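Everything on this sheet refers to the single structure shown next.
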Amino acid sequence: MKIFQYDTIDSTNNEAKRLMQQGENPSFAVYARQQTAGRGRLGRPWETPLGNVAVTMTVMPPEELSTQSTIAPLTALAIYDVLKPLIRADDQLAIKWPNDILINEAKVSGTLIEADRSAIYIGVGINVETKPEHVPYKTICLSELTEVKADQLVKDLAVAFEKHHTRWQKEGFEAITALYNKRLYRLNMPLRISLDREKQTWEEGICCGVNRFGHLQLKDDKGQIKAHSAGDIDAPLEH
Ligand code: BTN
């Protein structure tokens, strides 16, 4: 995958959209060593100081629009593959649905996926040298565990993403659903999912992994399974 590289940019997702408008063709990636206006999910800001990874993989939208929701889990698998060899065997690496990556229950990576008619923009942030401190969840950066450079991570991620993306195009998400579920945070354990943006309402259940659309399935205490297409997940509160 061709990689456009910048020292500083507002947001790699924004730059990928600008490159598309200028006639660039997918697939390509935009990598910046620093972002000044990085964006996270649900309109939150995302910091990328020097030394961390901000990269946007840009691909053609799938012909079958209903499969677009499975780009998130396939991306998480690629990030997981790249991080796994870098950490010790007793450090817990897991995918927090849909595509956050956790090490020892602390967030090391997040993904913002945006789309228009001509492309899907898969923006990945990885805490390499530093981690955000003032956020309402635990965070970790790779430098606490290992020595790795952002430039190398980006190259490895582009390769891992292309591998999973090609398989997904040929065989569908079904081919990698089981692998994704195996790596899921709190699989077969109680979990709660927020039903609104303000996180005032939650639903609890046992995590049964994702279905073929990448939607998260929770089993309630009557044994009914419900699939959720959106929401933030968390361990349940102690009763
Ligand atoms: C999240 O967990 O809220 C998602 C964070 C996504 C951040 C990445 S960094 C590269 C790309 N450019 C952006 O502006 N955002 C994404």
In nm, spacing of pseudo-spin labels at residue 60 and residue 133 (7 Å Cα→C-beta vector)
4.8
Counting only helical runs of four or more DSSP H residues, what would the 222 nm mean residue ellipticity of the chain come to if each run contributes -39,500 (n - 2.57) and the total is spread over all its residues?
-7000 deg cm²/dmol
Extension length gain for residue 105 and residue 6 (0.36 nm per residue less Cα distance), in nm, is 32.5 nm
Charge dipole of the chain about the Cα centre (unit charges at C-beta), most positive-ward option of 59, 202, 109:
59
Please arrange 189, 20, 60 by accessible surface area, largest first, computed with a 1.4 Å probe and ligands excluded.
60, 189, 20
Roll a 1.4 Å probe over the protein chains and send me the accessible area per residue for the range 2-182 in Å².
47
Cα-Cα P(r), the chain, percent of pairs per 5 Å interval:
1, 6, 14, 18, 20, 17, 13, 7, 2, 1, 0, 0
Largest-first ellipsoid semi-axes for the range 99-239, taking √(5λ) over the Cα gyration tensor eigenvalues, angstrom
27, 22, 15
Rounded to a whole %, the carbon-and-sulfur portion of the accessible area of the chain at a 1.4 Å probe is 49
I'd like the distance between the alpha-carbon centres of the range 4-53 and the range 165-229, rounded to an integer number of Å.
28
Restricting attention to the alpha-carbon atoms of the range 1-90, what are Rg (one decimal) and Dmax (integer), both in Å?
14.5, 47
Which semi-axes, in whole Å and largest first, does the equivalent ellipsoid of the range 190-234 have when worked out from the alpha carbon gyration tensor as the square roots of 5 times its eigenvalues?
16, 13, 8
Of the GluC sites (Glu not before Pro) in the range 150-239, which ones lie in a loop per DSSP and count no more than 16 other C-beta atoms within 10 Å?
198, 238
Under 24 Å between C-alpha atoms is the cut-off here; go through the range 145-239 and count lysine pairs that meet it, provided they're at least eight residues apart or on different chains.
9
Starting from the Cα-Cα distance between residue 178 and residue 221, subtract it from 0.36 nm times their residue separation and give me the gain in nm to one decimal.
13.1 nm
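The values are calculated or read from the model by the stated rules, or taken from the named source; none is laboratory data. Treat the numbers as computed from the prediction; the structure is a model and nothing was measured. For neighbour counting, all protein chains shown are included, and Cβ atoms are generated from backbone atoms with ideal geometry for every residue, glycine included. Areas reflect the complete protein model, heavy atoms only, side chains present, ligands, DNA and RNA absent. Shrake-Rupley method; radii C 1.70, N 1.55, O 1.52, S 1.80 Å.
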